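Everything on this sheet refers to the single structure shown next.
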2 protein chains.
Amino acid sequence: MLSDIDICRSTPLKNISEVAKQAGLHHNEHQPLGQYKSKVSLTSLERLASQQDGKLVVVTAITPTPLGEGKTVTTIGLAQGLAKINQSAMACIRQPSMGPVFGVKGGAAGGGYSQVAPMEQLNLHLTGDIHAVTVAHNLASAAIDARLYHEQREGLEAFEARSGLKALDIDPRRIVWRRVLDHNDRALRMITVGKNEADKTINGFEREDGFDISAASELMAILALTDDLQDLRKRIGRVVLAYNNQGLPLTADDFNVAGAMTVTMKDSIEPTLMQTLEGVPTLIHAGPFANIAHGNSSIIADKVALKLSDFVVTEGGFGSDMGFEKACNIKVKASKKNPDCAVIVATLRGLKANSGLYDLRPGTPLPDSIFNDDQDALIAGFENLKWHINSVKQYQVPTVVAINRFPQDSAQELDALKQMITDFDPSVSVEVSEAFGQGGEGATKLAHAVVKACQKQSEFKPLYHSKQSLEEKLMAVAEVGYGAASISLSPLAKKQLAEFKLHGYNDLSVCLAKTPLSISTEAHVKGAPSQFDVPVRELKLCAGAGFIYALCGNVMTMPGLPDKPAFMSLDIDSKGNIVGLS
Amino acid sequence: MLSDIDICRSTPLKNISEVAKQAGLHHNEHQPLGQYKSKVSLTSLERLASQQDGKLVVVTAITPTPLGEGKTVTTIGLAQGLAKINQSAMACIRQPSMGPVFGVKGGAAGGGYSQVAPMEQLNLHLTGDIHAVTVAHNLASAAIDARLYHEQREGLEAFEARSGLKALDIDPRRIVWRRVLDHNDRALRMITVGKNEADKTINGFEREDGFDISAASELMAILALTDDLQDLRKRIGRVVLAYNNQGLPLTADDFNVAGAMTVTMKDSIEPTLMQTLEGVPTLIHAGPFANIAHGNSSIIADKVALKLSDFVVTEGGFGSDMGFEKACNIKVKASKKNPDCAVIVATLRGLKANSGLYDLRPGTPLPDSIFNDDQDALIAGFENLKWHINSVKQYQVPTVVAINRFPQDSAQELDALKQMITDFDPSVSVEVSEAFGQGGEGATKLAHAVVKACQKQSEFKPLYHSKQSLEEKLMAVAEVGYGAASISLSPLAKKQLAEFKLHGYNDLSVCLAKTPLSISTEAHVKGAPSQFDVPVRELKLCAGAGFIYALCGNVMTMPGLPDKPAFMSLDIDSKGNIVGLS
């Protein structure tokens, strides 16, 4: 089979204006940026306000291996499959971060014959939205350090008298806004800024700081959760950057920087329209992490797509304990639109890995044995799929399992898995998806199953409500959502909860940040653990995004590069084409 | 008079496809990004190869005040003036850095009725080229720290045996590639990276580092000096990132990262077509600093514009000792196209400031007295203009002085200045430009003078040739170019020169990095100093850009924010329009 980039390059694409027209956008409702990308104006939502919403299909997965289980392939393939069976369909996916493109994971355009195209444009820069987030985020950082510097150097009273500004009296130990870059760069995780041994007065105030990857910026979560520019402005204004020496929060509005941050992100609020290899309109928008943020594509993109088409296929990052839980409890709270159907992506490979009998790592070749029939491993790993089916069903959302087929998978083992699913829960449909190798044609059965599931009445039920206490919300996710035996708050976490309540943040959602590689908080625990504790080390306030995230175990917000990163194979050839992108 | 952004917003603009057509581009030679910007393909150069080049007009200035003397206004105004007198003209300017937009200086789109439009798009993100430079630059930084980490952690032999890569054996004290961000952020000037007191093995190797503003990246200089994608690839491959423990340079090619850096910058190689408020086609491309780099818009943009129009107006940063010198000695070496005419922008305000009798600072209001007739100050400050006229004439380029008129300037004083110039050198034309208040109509006299000057035979002569020694080149710029009495190399600089020679870098150009606020290396020395020394503290190698820059005095490569930065007035209004941008 051809490489992803070769498949993409050999597939004729439509001009994006044609795709937009086909999707039902008027020509003045989008701005083409070159031939294959177009920024969609939010004015389209005004025109379409009275239109009924389509069905929202959220693609989730079993507990993934570090290699991923093909969720984006299935998302794009399903949208193509729906189009093949003559349904009006769109896909909504997140913008890939460039860090992983250069690091281990590669791109995030899907793969094989189920890709968003042109994949090199999707994976590199796209229309600059992540860059806008990076700039806006670091503008706030520069604002904090500049203000600290000027107030400290001059003294608060003198500063006030001369500048006419109210001193913020920043506590330099409680600056909670780190910096960001869209790179995998471990050396920036913990840094000291403002250094100058020779002259302490010129480079600012020396303090400990660090960089996260841009996808981990609260602004990225905000971009995915906002519904218009004025709401974006308000949310950014509420973001807490630091605390003052009286222990009170200092927001972006307090620093007079929220307006400029919004201006910087003004264009990024518009989703980017692209197409799949089969010409299905696809919106790309925002790219929040699925651990310290909610890991779903944007509410704005969903809204536009739901007005334009009968079926909108989107995805939540990692397994159903991660992106799907957050889609149901964080995203729905802001969007008021719940999933009409959940698709759980499973692979034979991934289930066997969940048996604990295989250890799959990026950068090391797969053991051949994992593609041989191995009933024991499949039965053991199936516990994980059962767990995810139950997890999704507790939201009362109709459920379809999509088995994403790899070329090496045996028909016999695929049949065995289908039977196991049907035996476990006859109300759950299951289909094999061959979207990677066959595009939409390989996903028509899955598409039919999804159409059927969407006809069921969804009686959506989240795990908690705004007015419950933050502790109750954390317990709901850990004990009901994950099925954990207990949740333990560290003394620091308890202290922080009390402070958040005091400052009026009780109504926020909660976002548990844990490893995606296990249902528990420990990556090595495979399958379907139950007797485990969820230890909460520390809480972080995202007042603009509208949630508090809880650090449970080690959560990496700035990845590192391996010794042979993906960037080593990237280059241009003699004709100026990009080679080595996957 | 209206504010810049209000003038810009109330001026009807043409669709960029119309501007491109008018400029002579075929529709398949550019890619519109929205209605008002278009990326120009380098294929246009192939089609137009046999076309004769137009005249290259380089706008420079007297020694500027920190407020600037209106060089961009004059550049845009002159292009509009040329169009008014029915000449085919284009302007080529640099992309503004966002750091200064948020800091003190504000935007860099020109001003009044001589602006590039839409100014908010020019000043914010544009088409993402600076972001691409930032990403490519920091990718190299991440590559360095990752390689250092893996080699150090594992040991060189074990690293080689396992990875199959040759160990680079990086000297951690000689990593010469700093990081960059497009912000004014003094706290990032000097930082420590790779910190982790608790576990020294996970966040990389702890070392001193720092950030410069993206305009100071060598990649930005390369973007401005390259002529196609393959040349860009080769130049990036040559960039020296660090030295090994044997003292030998390690390039981006040695780190296997040059291909990915080029891929990241692939689209940025195309200039962005925009228009002035009067519809004159303008190319925006690259934005190198005019101290540690050459401070001119790109060779690619010039080349395209020279094929498309009879007159191309471009500018070099700061006074003629800075951007114009570098245009003649660095840029011409790469482009093989010398200026056909130089325009020196002078203001009454700037000349009086050069008398040393006024102290103008950004953020503090101008003293009213500077607009009163003050013959003494004008006569004293005129020495500076004389210096710049002589400076330009040594390149044997026909010269026009443009007096950029402020509304408060008196006709009497303007006449006096004109007379002084004519008395000093009758071969130099002089015209008052009212481009700010009147657009092209205010620059028609200047345009006529430029057309006439371009008819003269230019017998261009640079200050030095490649084969001279690096010391001789430095002396040529300091002693001939600046008219300094001497140049002194520090022991470090001498050691570095010997090393550069040893490593085969003798043929590079030299780039003196000094304050732009004086002809000398000390900002407070106004007028036309002569008996001064140029002390060279340290040299920096830009092997990809093709020059060695010499740090003479304090040169800031990462600006800081003032206590009331420009970002404080930036916001969106209730209709979603940007307010407060200047």
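The values are calculated or read from the model by the stated rules, or taken from the named source; none is laboratory data. None of the values given here were measured: they were computed from a predicted structure. Virtual Cβ from ideal backbone geometry, glycine too; neighbours counted across all protein chains shown.
Against the condition farther than 27 Å from B:Gly259 by Cβ, away from chain B (no Cβ under 14 Å), surrounded by fewer than 24 Cβ atoms within 10 Å (Cβ to Cβ) and touching a residue at least 24 places away in the same chain (Cβ under 8 Å), how does A:Lys84 come out, does it pass? Yes: the conditions hold for A:Lys84.
The combined condition, being farther than 25 Å from A:Gly316 by Cβ, among the charged types (D, E, K, R) and more than 14 Å from chain B (Cβ to nearest Cβ), is not fulfilled by A:Asp53.
Is there a residue being in contact with a Phe, Trp or Tyr (Cβ under 8 Å, 6 or more places away or on another chain) and either free of Cβ contacts under 8 Å to residues at least 24 places away in the same chain or of a type in the set (Phe, Trp, Tyr) (or both) anywhere in segment A:454-462? Checked segment A:454-462: at least one residue is in contact with a Phe, Trp or Tyr (Cβ under 8 Å, 6 or more places away or on another chain) and either free of Cβ contacts under 8 Å to residues at least 24 places away in the same chain or of a type in the set (Phe, Trp, Tyr) (or both).
Going residue by residue through segment B:300-323, is there one that turns out to be assigned by the TED database to the domain that holds B:Gly54, within 22 Å of the chain's Cα centre (by Cα) and surrounded by fewer than 19 Cβ atoms within 10 Å (Cβ to Cβ)?
There is no residue in segment B:300-323 that is assigned by the TED database to the domain that holds B:Gly54, within 22 Å of the chain's Cα centre (by Cα) and surrounded by fewer than 19 Cβ atoms within 10 Å (Cβ to Cβ).
Of the residues B:Leu165, B:Leu126, which single one is in contact with a Ser or Thr (Cβ under 7 Å, 6 or more places away or on another chain), part of a loop (DSSP other than H, G, I, E, B) and modelled with pLDDT of 95 or more?
B:Leu126
For segment B:452-470, filtered to residues that are among the small types (Gly, Ala, Ser) and out of contact with any Asp or Glu (no Cβ under 6 Å at 6 or more places or on another chain), the residue that is farthest from B:Val58 (Cα to Cα) is B:Ser469. Identification of strands (runs of 3 or more DSSP E) wholly contained in segment B:168-233 with 3 or more residues that are surrounded by 23 or more Cβ atoms within 10 Å (Cβ to Cβ) and within 11 Å of chain A (Cβ to nearest Cβ) yields B:179-181. Beta carbons closer than 7 Å, at least 6 apart along the sequence or on distinct chains, pair a first residue in segment B:468-491 that is over 11 Å from B:Pro535 (Cα atoms) with a second that is acidic (Asp, Glu) and buried (at least 18 other Cβ atoms within 10 Å of the Cβ) for B:Val477/B:Glu325; B:Gly481/B:Asp321; B:Gly481/B:Glu325; B:Tyr482/B:Asp321. Residues in segment A:278-289 that are surrounded by fewer than 24 Cβ atoms within 10 Å (Cβ to Cβ) and on the phi > 0 side of the Ramachandran plot: A:Gly279 only. Within segment B:112-147, count every residue that is within 8 Å of another protein chain (Cβ to nearest Cβ) and touching a Gly at 6+ places or on another chain (Cβ under 7 Å). Number satisfying all stated conditions: 5.
Among all positions in segment A:125-138, there is at least one residue which is within 22 Å of the chain's Cα centre (by Cα) and among the acidic types (Asp, Glu). For segment A:13-40, taking the residues that are more than 9 Å from chain B (Cβ to nearest Cβ) and of a type in the set (A, V, I, L, M, F, W, C), the one that is surrounded by the fewest Cβ atoms within 10 Å (Cβ to Cβ) is identified as A:Leu13. Looking at segment A:248-277 only, could you name the residues that are surrounded by 24 or more Cβ atoms within 10 Å (Cβ to Cβ), away from chain B (no Cβ under 14 Å) and either outside any loop (DSSP other than H, G, I, E, B) or modelled with pLDDT under 95 (or both)? Scanning segment A:248-277 gives A:Met274, A:Gln275, A:Thr276. Across segment B:429-483, the number of residues qualifying as outside any helix (DSSP H, G or I), among the polar types (S, T, N, Q) and surrounded by fewer than 18 Cβ atoms within 10 Å (Cβ to Cβ) comes to 4. When you look at A:Asp573, is it within 30 Å of B:Ala143 (Cα to Cα), touching a strand residue (DSSP E or B) at 6+ places or on another chain (Cβ under 9 Å), charged (D, E, K, R) and within 14 Å of chain B (Cβ to nearest Cβ), yes or no? For A:Asp573, the condition - within 30 Å of B:Ala143 (Cα to Cα), touching a strand residue (DSSP E or B) at 6+ places or on another chain (Cβ under 9 Å), charged (D, E, K, R) and within 14 Å of chain B (Cβ to nearest Cβ) - is met.
Looking at segment B:1-79, the helices (runs of 4 or more DSSP H) lying wholly inside it that each contain 2 or more residues that are within 21 Å of B:Gln121 (Cβ to Cβ) and either without any contact (Cβ under 8 Å) to a residue 40 or more places away in the chain or touching a helix residue (DSSP H, G or I) at 6+ places or on another chain (Cβ under 9 Å) (or both) sit at B:4-10, B:16-23. Selection within segment A:536-568: residues that are at the interface with another protein chain (Cβ under 8 Å from one of its Cβ atoms) and surrounded by fewer than 21 Cβ atoms within 10 Å (Cβ to Cβ). The member of this set that is modelled with the highest pLDDT is A:Met568. For B:Arg153, the conditions (1) touching a residue at least 40 places away in the same chain (Cβ under 8 Å); (2) within 11 Å of another protein chain (Cβ to nearest Cβ); (3) buried (at least 22 other Cβ atoms within 10 Å of the Cβ) all hold with the exception of (3). Out of all the residues in segment A:237-247, is one or more of a type in the set (S, T, N, Q), in contact with a strand residue (DSSP E or B) (Cβ under 7 Å, 6 or more places away or on another chain) and not in a strand (DSSP E or B)? Looking through segment A:237-247, at least one residue is of a type in the set (S, T, N, Q), in contact with a strand residue (DSSP E or B) (Cβ under 7 Å, 6 or more places away or on another chain) and not in a strand (DSSP E or B).
Per-residue answers, yes or no, for (1) among the aromatic types (Phe, Trp, Tyr); (2) more than 17 Å from A:Gly295 (Cα to Cα); (3) touching a residue at least 40 places away in the same chain (Cβ under 8 Å):
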{"position": "A:Gln531", "(1), (2), (3)": "no, yes, yes"}
{"position": "A:Val534", "(1), (2), (3)": "no, yes, yes"}
{"position": "A:Cys542", "(1), (2), (3)": "no, no, yes"}
{"position": "A:Gly546", "(1), (2), (3)": "no, no, yes"}
{"position": "A:Tyr549", "(1), (2), (3)": "yes, no, yes"}
{"position": "A:Pro562", "(1), (2), (3)": "no, yes, yes"}
{"position": "A:Ser569", "(1), (2), (3)": "no, yes, no"}
{"position": "A:Lys575", "(1), (2), (3)": "no, yes, no"}
{"position": "A:Val579", "(1), (2), (3)": "no, yes, yes"}
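In this structure, B:Ala334 qualifies as hydrophobic (A, V, I, L, M, F, W, C) and closer than 25 Å to B:Lys39 by Cβ.
Only one of the listed residues (A:Met190, A:Met220) is within 28 Å of A:Lys495 (Cα to Cα), touching a Lys or Arg at 6+ places or on another chain (Cβ under 9 Å) and modelled with pLDDT of 95 or more. That residue is A:Met190.
Residue-by-condition table, conditions (1) among the basic types (Lys, Arg); (2) under 23 Å from the mean Cα position of the chain (by Cα); (3) over 14 Å from A:Val133 (Cα atoms):
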residue	(1), (2), (3)
A:Leu223	no, yes, no
A:Ile236	no, yes, no
A:Leu241	no, yes, yes
A:Thr251	no, no, yes
A:Ala258	no, no, no
A:Thr264	no, yes, no
A:Asp267	no, yes, no
A:Gly279	no, no, yes
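Scan segment A:234-247 for residues that are over 17 Å from A:Ile300 (Cα atoms) and within 13 Å of chain B (Cβ to nearest Cβ) and report the count.
Within segment A:234-247, residues that are over 17 Å from A:Ile300 (Cα atoms) and within 13 Å of chain B (Cβ to nearest Cβ) number 1.
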